[in-house]
Amino acid sequence: MRRFDQAYIDGAFRPVLGREEMAIVDPASEEENGRLVLANAEDARIAVEAASRAFAGWSTSSRGERIDLLNALADAVEARSDALTEATIAEYGGPVEQARWRAGLAATNFRVAARLLADFPFSRRINDTEVVGQAAGVALHIVPWNSVYNAISVKMAGALAAGCPVVVKASEFSPWQTELLSECLHAAGAPAGVINVVTGLGSVAGEALTAHPDVRKISFTGSTPVGKAILRGSVDRLQRVTLELGGKAPTIVLDDADLAQAAAQALAIGFANNGQACIAGTRILVQRGQVEAFSEAIRKAASGIVQGDARDPRTTLGPLVNRRQYERVLGYLRKGLEEGARPIIGGEGRPEGLERGYFVRPTVFANVTNDMTIAQEEIFGPVLCVIAYEDDADAIRIANDTPYGLHAYILGKDIRRARDMAARIDAGRVAINGLSHEPLAPFGGFKQSGIGREYGLSGIEDHLEFKAIGGGF
Ligand code: NAD
């Protein structure tokens, strides 16, 4: 039985002061396999104070020192990549190949920031004015459980490059991944207080951190309702807030697409990370005359889904993260049936041969209209909808008829047509024919999927205040 009772503050691991405990449950067996001692408001205060003390030194550190630290962070996470992968599998049942890829993103994020920092323009001249990018202050990064290494590293890389010390508030559902990553961060040798990590409840540690007056920048990744609450809470202090929130991405299958290939891609895009991905393509838009043929292609493609033991390299789909999420997803399955949707694959009940664990049957519903609950709300599980469209204009109308705007996918042969459609979709990223991820390109949402952008240069700029100094030349 593992016990997680440390916070990483001021360059050292120390026992958390909080006394409240939480059971850690293996989602594949439903057995308790650890205890988390939750950081409280006092732990939060100490972490921010450590970061505040580090601000003067880190915000005036040289470009070379920051590049060295970013490269050391990349080396440190690479050195533990097997352990990081194992923790993702054990903690939320991430299939091994996907878990390994996700662990690798952390090193990429640190290295990309180191490269960009080499010639990042902290000062530029506009006529007789110098425009200077100045470190914003202590940065608070609040992250979810579903992509722990990536969410922590991409925010941290931008903040450190900009000269901001960081306090990470990790999710209470990922203490193992957080502890291992913190060990890597420690091994990289940042000056004390530049990196701090606490794991606690959003309503306790999270609220104490956001309310601390020394926190000048908040970057949050998580659900839209919590993001809104954080934005509301920031009003009196006017902290700079970046929000990376939920999604309900459309996957548009153009009528010239190879349907067999498109069905396999749509399942991969929808079921990645066990369907627990903000970027998952959960609304598959298919030309009305092709819905029957596409449904048949989905049935065939689904025979390639292997559900179960996340350690088996053949497995493509693991369990949901916890009981709450499992019951939530089952609720949406019921709701879909009540609203008249018809499962092409999956549906209610347990997957065959999996009597324990938070496994749901991978489900694709047809007979869905875009106004149904399952087409409008983020389900965060392996539940997809096929929605019929009449023509390209109708596909774009449906794609944009959502409160969200994080990601979109287009599958088809005519690339010019796909690019023309991409230009008319309101989403922060549009991927044509695949799941491309470019870490140098900005990432973020339109509408209720968020405010601001991270990754690449945006990740650094997001942690700077810009000041114009006129005259004196
Ligand atoms: P969540 O919103 O429940 O929690 C996210 C984090 O916020 C956790 O660390 C939580 O403890 C903390 N938190 C909760 N209440 C808080 C409060 N009042 N004050 C401060 N912190 C608080 O989300 P989750 O269930 O952990 O993650 C899933 C959600 O994250 C999904 O909606 C998904 O789409 C979204 N997500 C978005 C992106 C993106 O880049 N846009 C990436 C991954 C996940």
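The values are calculated or read from the model by the stated rules, or taken from the named source; none is laboratory data. Remember, it's a predicted structure, so these values are computed and weren't measured experimentally. Don't worry about glycine lacking a Cβ; one is built from the backbone with ideal geometry, like all the others, and counts go over all protein chains shown. In case anyone asks, the SASA skips ligands and DNA or RNA and just uses the protein heavy atoms, side chains included. Shrake-Rupley method; radii C 1.70, N 1.55, O 1.52, S 1.80 Å.
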To the nearest 10 square angstrom, how much accessible area does Lys228 have with a 1.4 angstrom probe? 80 Å²
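What value, in deg cm²/dmol to 500, does the helix sum -39500 (n - 2.57) over DSSP H runs of n ≥ 4 give at 222 nm once divided by the residues of the chain? Please list the in-between numbers first.
On the way: 15 runs with 182 residues, N = 473.
So the calculated ellipticity at 222 nm is -12000 deg cm²/dmol.
Just the number, please: carbon plus sulfur as a percent of the accessible area of segment 3-128, 1.4 Å probe, no ligands or DNA/RNA counted.
50 percent
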All other residues with a Cβ under 10 Å from the Cβ of Leu36 taken together, and with Lys, Arg as +1 and Asp, Glu as -1, what is their net charge? -2
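Just add up the charged neighbours of Pro313: K/R +1, D/E -1, any other residue whose Cβ is under 11 Å from the Cβ of Pro313.
Computed value for this residue: 0.
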Rounded, prolate or oblate: which one fits segment 46-183, using the alpha carbon gyration tensor with axes a ≥ b ≥ c (rounded when a/c is under 1.5, else prolate when a/b beats b/c, else oblate)? prolate
Lys pairs under 20 Å by Cα in the chain, provided they are eight or more residues apart or on distinct chains: 11
How many Å² of accessible area per residue for the chain, probe 1.4 Å? 39 Å²
Nearest-ten-degree value, helix 41-59 long axis tilted from longest Cα axis of the chain: 60 degrees
Highest to lowest packing among 342-351, 144-153, scored as the average C-beta count within 10 Å: 144-153, 342-351
Can you find, among Gln290, Pro343, Ile425, the residue sitting farthest towards the positive end of the charge dipole of the chain, where Lys and Arg contribute +1 and Asp and Glu -1 at Cβ? Ile425
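Based on the alpha-carbon gyration tensor of segment 113-247 and its eigenvalue square roots a ≥ b ≥ c, which shape applies: rounded if a/c is under 1.5, prolate if not and a/b is larger than b/c, or oblate? Present the calculation step by step, with values, prior to reporting the outcome.
Numbers: a/c = 1.93, a/b = 1.31, b/c = 1.47.
Note, shape of segment 113-247 comes out oblate.
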All Cα pairs of the chain, percent lying beyond 39 Å: 23 percent
Quick one: divide the alpha-carbon radius of gyration of segment 250-444 by 2.2 N^0.38 Å and tell me what you get. 0.97
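With only Lys, Arg, Asp and Glu charged, each at its Cβ (+1 for the first two, -1 for the last two), find how big the charge dipole of segment 250-375 is about the Cα centre; round to the nearest 20 debye.
460 debye
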Inter-part distance where segment 22-71 and segment 302-356 are each reduced to a Cα centre, Å: 33 Å
Rounded to whole Å, give me the distance from the Cα center of segment 128-181 to that of segment 372-437. 30 Å
Carbon and sulfur together cover what percent of the accessible area of segment 250-444 at a 1.4 Å probe radius? 49 percent
Taking only Cα atoms, what is the 0 to 90° angle, nearest 10, from helix 175-187's long axis to the longest principal axis of the chain? 40 degrees
Cα gyration tensor shape for segment 313-381, rounded if a/c is under 1.5, else prolate or oblate: prolate
Using Cα atoms only, what is the angle between the long axis of helix 224-233 and the major principal axis of the chain, expressed in degrees (0 to 90) to the nearest 10? 30 degrees
Compute the signed sum of charges (Lys and Arg +1, Asp and Glu -1) over the other residues within less than 14 Å, Cβ to Cβ, of Leu384. +3
Burial ranking of peptide ranges 7-17, 174-184 (average Cβ count within 10 Å, highest at the top): 174-184, 7-17
